[in-house]
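Peer 1: Provided herewith is a single structure, encoded as structure tokens, for subsequent inquiry.
Coordinate-derived values only; no laboratory data. Everything quoted here is computed from the prediction, not taken from an experiment. Here Cβ is always computed from backbone atoms with ideal geometry, including for glycine, and neighbour counts include all displayed protein chains.
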């Protein structure tokens, strides 16, 4: 099982890495209110180490996304990949809010999925290819919809943006997490 999660992280993180390396304006506004492009990277490299630390797993500290978003992301994603492929990958992870599950499943469920969704944010903000893997979108949306109220109550997702029922699965996922799939950076 751990190999699947490690490979999924590698693939999804690689797509985000491409968007990070392709970003030319780190101050570009994003679909997330009050966030700039660098904030997307900062979010991923700061919340996840804290999540892991609550379960007594430590990632090595790296550069600040404020100072160097590319270096911060590259350091962070390499550390996460080492974690899901290393000696601890097969161990259980106990978090005070989510219980106990295999470490690779915790990374996959809570972090890799977040990277997928934020790939769209960064790509859309910076004018890059914002297409996400439709199978990944369908799997994620299928897992999230049954617990919509729990997710909304967490404060981590905005109100659902309604899209047509026959919209592409990516648009349905983006709408579900509270983003407008038609969002574009302001002109100017």
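Peer 1: Could you tell me the calculated FRET efficiency between residue 154 and residue 183, based on Cβ-Cβ distance and R0 = 22 angstrom, to the nearest 0.05?
Peer 2: In this case the efficiency is close to 0.50.
Peer 1: Quote the relative contact order of the range 132-188 in percent (integer), defining contacts as alpha-carbon pairs under 8 Å separated by 6+ residues.
Peer 2: Contact order relative to length: 34 percent.
Peer 1: Which FRET efficiency value, to the nearest 0.05, do you get for residue 53 and residue 11 by plugging their Cβ-Cβ distance into 1/(1 + (r/R0)^6) with R0 = 25 Å?
Peer 2: 0.45
Peer 1: What are the principal axis extents of the Cα atoms in the range 28-169, in Å, biggest first?
Peer 2: The principal-axis extents, from largest down, are 45, 37, 26 Å.
Peer 1: Relative contact order for the range 88-175: what percent, with Cα pairs under 8 Å and sequence separation of 6 or more?
Peer 2: 19
Peer 1: May I pose another question? What number, in percent, do you get for the relative contact order of the chain if the mean sequence gap of Cα pairs under 8 Å and at least 6 apart is divided by its residue count?
Peer 2: Relative contact order of the chain: 25 percent.
Peer 1: Calculated from DSSP H runs of 4 or more alone, at -39500 (n - 2.57) each and per residue, what is the 222 nm mean residue ellipticity of the chain, nearest 500?
Peer 2: Numbers: 8 runs with 99 residues, N = 188.
After summing the helix terms and dividing by residue count, I get -16500 deg cm²/dmol.
Peer 1: Let me ask something else. Would you mind putting 108-119, 4-15, 153-164, 56-67 in packing order, based on average other-beta-carbon counts within 10 Å, highest first?
Peer 2: 108-119, 4-15, 56-67, 153-164
Peer 1: Still on this structure: Using only Cα atoms, figure out Rg for the range 132-188 and give it as a multiple of 2.2 N^0.38 Å. Don't skip to the end; give the middle numbers.
Peer 2: Values: Rg = 12.0 Å, N = 57, 2.2 N^0.38 = 10.2 Å.
That works out to 1.17 for the range 132-188.
Peer 1: A follow-up question, please. For labels at residue 27 and residue 162 in the simple 7 Å Cα→Cβ model, what's the distance in nm?
Peer 2: Using points 7 Å along Cα→Cβ, the separation is 3.8 nm.
Peer 1: For residue 43 and residue 110, compute 0.36 nm times the residue count separating them, minus their Cα-Cα distance, and round to one decimal in nm.
Peer 2: Contour length minus Cα-Cα distance gives 22.8 nm.
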